[in-house]
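Trainee: Here it is, the structure, as structure tokens.
The values are calculated or read from the model by the stated rules, or taken from the named source; none is laboratory data. All values derive from a computational prediction rather than experimental measurement. Positions of Cβ are generated from backbone atoms using ideal geometry, with glycine treated the same way; all protein chains shown enter the neighbour counts.
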Amino acid sequence: MGLSYTPPRGVVDSTTMLPDALDIGHATFWMQVGAALFCGGAIGIERQLRGKAAGVRTSILVCLGTEVFVALGAAVVGPNVDPTRVLGQVITGIGFLGAGVILAREGRLLGVTSASVIWMLAALGALCGLGYLSTAIVLTLVALIVLIGIEALETGWEKLRRGRTDLDLKIED
């Protein structure tokens, strides 16, 4: 009933060799870092263009930082080592970071989407750190569709709720 863990390719144990994901001379390192930069950057550009405080730099750093911590956790191998603990601690830390973005002002909650984006950026970084690069890129595109597409739907619904349309009808006497 126990969980099994298979270390990333190239890791024999923590003392014999540097894992590919942490070796700057290995393509795996650069692919994982590049994917984290792409994922964080793509979402960060969307946030920056909307004038949100957590823009390109923050998004890249959250995604890249998570990638590094998860890759480090996956690299530690031993009989009493549980690399999933690093992932759990990253999730907890990101939860606190996201909570700090949320503000209550005049009976309204602000920053909930930004907090959710930070949560998603950490998930994308974790995927990159574990080597699931294609999945991270696809989920980045899904997140962008949600951020952009839902905004368009919300704007359309708001106009309908108010009785406005893009077509102005003029009534002549």
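Trainee: Would you confirm whether or not region 23-37 contains a residue that is assigned to a helix (DSSP H, G or I), within 17 Å of residue 118 (Cβ to Cβ) and either in contact (Cβ under 8 Å) with a residue 12 or more places away in the chain or not hydrophobic (A, V, I, L, M, F, W, C) (or both)?
Mentor: Within region 23-37, one or more residues are assigned to a helix (DSSP H, G or I), within 17 Å of residue 118 (Cβ to Cβ) and either in contact (Cβ under 8 Å) with a residue 12 or more places away in the chain or not hydrophobic (A, V, I, L, M, F, W, C) (or both).
Trainee: Output the qualifying pairs, or none if there are none: Cβ atoms under 8 angstrom, residues six or more apart or on different chains, first residue in region 150-162 and without any contact (Cβ under 8 Å) to a residue 12 or more places away in the chain, second residue β-branched (Val, Ile, Thr).
Mentor: Filtered contacts from region 150-162: 159/165.
Trainee: Which residue pairs have Cβ atoms closer than 7 Å, lie 6 or more positions apart in sequence or on different chains, and pair a first residue in region 91-120 that is modelled with pLDDT under 90 and in a helix (DSSP H, G or I) with a second residue that is surrounded by 11 or more Cβ atoms within 10 Å (Cβ to Cβ) and among the hydrophobic types (A, V, I, L, M, F, W, C)?
Mentor: Hits for this filter: 97/118; 98/115; 98/118; 98/119; 99/115; 101/54; 101/115; 101/118.
Trainee: Still on this model: Which one of these is in contact (Cβ under 8 Å) with a residue 24 or more places away in the chain, under 13 Å from the mean Cα position of the chain (by Cα) and within 29 Å of residue 23 (Cα to Cα): 84, 66?
Mentor: 66
Trainee: Could you please find all residues in region 53-73 being crowded, with 19+ Cβ neighbours inside 10 Å and farther than 18 Å from residue 34 by Cβ?
Mentor: Those that are crowded, with 19+ Cβ neighbours inside 10 Å and farther than 18 Å from residue 34 by Cβ: 54, 58, 73.
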